[in-house]
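Asker: Just passing along the structure, written as structure tokens.
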Amino acid sequence: MKSMSLLKTLNKSQKEAVKHSDGPVLVLGGAGCGKTCTLENRIAYLVKDGGINPENILTITFTNKEANKVRENLRELGIKKADDVNIMTAMQLGVSILRENIEEIGFTSNFTLYDYEDKKKTVKECMAALNINEQKIAPKTIIDYISDMKNNYILVDDAKDMAQDNNAK
């Protein structure tokens, strides 16, 4: 077995997760319990002992920082093609799936996702263009309102109608 040294530092549960060969593995645990170490060792084990092509491995992490750390640690574990392992956050996976398939629902793959700061900047620009004073209504209020509309599946035309109804009262 090529990877026996990988297993030396792991506890029984971690070894079971690393050596599991029948489908995916979900590793749950509290902070500092060795989830990331188990994940890294599992990937190394699959590549070294299982003969799995690194391109065929998908690993989901919580943060970009953790994804980068996993990749770095895979290199240290001797995985020559560590950059070929698909290591990403759930958000990155979602974006990747969207980019590959969005044309199926009539959109182009040339889209941009906005984070909170991007939204805030855009709302402020719109408010300035419409001469809306930030002292009168905070950009956060508008962002929250838009978010509520989206979360409740309210279409733009329906939101306009609701706003007009509220202004008429």
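Asker: Tally up the residues in the stretch 69-95 that are modelled with pLDDT of 90 or more, of a type in the set (A, V, I, L, M) and assigned to a helix (DSSP H, G or I), please.
Answerer: Looking only at that region, the number is 6.
Asker: Next question. Could you run through the stretch 44-56 and say how many residues are touching a helix residue (DSSP H, G or I) at 6+ places or on another chain (Cβ under 6 Å) and surrounded by 14 or more Cβ atoms within 10 Å (Cβ to Cβ)? Please lay out each step first, then the result.
Answerer: So in the stretch 44-56, the residues touching a helix residue (DSSP H, G or I) at 6+ places or on another chain (Cβ under 6 Å) come out as 44-45, 47, 52, 54-55.
Okay, now just the ones that are also surrounded by 14 or more Cβ atoms within 10 Å (Cβ to Cβ), so 44-45, 47, 52, 54.
Going through the stretch 44-56 one residue at a time, the tally reaches 5.
Asker: Let me ask another. For residues in the stretch 136-145 being outside any loop (DSSP other than H, G, I, E, B) and not hydroxyl-bearing (Ser, Thr, Tyr), which is farthest from Lys121 (Cα to Cα)?
Answerer: Looking only at the stretch 136-145, we keep the residues that are outside any loop (DSSP other than H, G, I, E, B), and these are 139-145.
Now narrow it down to the ones that are not hydroxyl-bearing (Ser, Thr, Tyr): 139-140, 142-144.
On the way: Pro139: 9, Lys140: 11, Ile142: 12, Ile143: 11, Asp144: 14 Å.
Result: Asp144.
Asker: Output the qualifying pairs, or none if there are none: Cβ atoms under 8 angstrom, residues six or more apart or on different chains, first residue in the stretch 5-24 and in contact (Cβ under 8 Å) with a residue 60 or more places away in the chain and open to solvent by less than 40 Å² (accessible area, probe 1.4 Å), second residue in a helix (DSSP H, G or I) and among the hydroxyl-bearing types (Ser, Thr, Tyr).
Answerer: Every condition considered, the pairs that remain are Leu6/Tyr45.
Asker: Shifting gears a bit: Kindly indicate which of Leu98, Leu113 is surrounded by 11 or more Cβ atoms within 10 Å (Cβ to Cβ) and either part of a helix (DSSP H, G or I) or at pLDDT below 95 (or both). Steps first, please.
Answerer: Working: Leu113 fails: surrounded by 11 or more Cβ atoms within 10 Å (Cβ to Cβ).
Residue meeting the stated conditions: Leu98.
Asker: Cβ contacts < 8 Å: first residue under 19 Å from Tyr114 (Cα atoms), restricted to the stretch 126-148; second residue open to solvent by 70 Å² or more (accessible area, probe 1.4 Å) and aromatic (Phe, Trp, Tyr), any location; separation 6+ or different chain. Result?
Answerer: Here the result reads Ile143/Tyr116, each pair linking the stretch 126-148 to a residue that is open to solvent by 70 Å² or more (accessible area, probe 1.4 Å) and aromatic (Phe, Trp, Tyr).
Asker: Residues that are modelled with pLDDT of 90 or more, assigned to a loop (DSSP other than H, G, I, E, B) and out of contact with any Lys or Arg (no Cβ under 7 Å at 6 or more places or on another chain): does the stretch 46-56 have at least one?
Answerer: Checking the stretch 46-56: at least one residue is modelled with pLDDT of 90 or more, assigned to a loop (DSSP other than H, G, I, E, B) and out of contact with any Lys or Arg (no Cβ under 7 Å at 6 or more places or on another chain).
Asker: Still on this structure, I have one more. Could you check how many residues of the stretch 146-169 are assigned to a helix (DSSP H, G or I) and open to solvent by less than 70 Å² (accessible area, probe 1.4 Å)?
Answerer: The total comes to 4.
Asker: Please enumerate the residues belonging to the stretch 134-145 that are among the hydrophobic types (A, V, I, L, M, F, W, C) and surrounded by 14 or more Cβ atoms within 10 Å (Cβ to Cβ).
Answerer: Of all residues in the stretch 134-145, those among the hydrophobic types (A, V, I, L, M, F, W, C) come to 137-138, 142-143.
Residues satisfying the conditions are Ile142, Ile143.
The values are calculated or read from the model by the stated rules, or taken from the named source; none is laboratory data. Predicted model only: the values in this text are computed from it and were never measured. Quick reminder, even Gly has a Cβ in these numbers, built from the backbone with ideal geometry, and neighbours come from all protein chains shown. Protein only, heavy atoms only, side chains kept; ligands, DNA and RNA dropped before computing areas. Shrake-Rupley method; radii C 1.70, N 1.55, O 1.52, S 1.80 Å.
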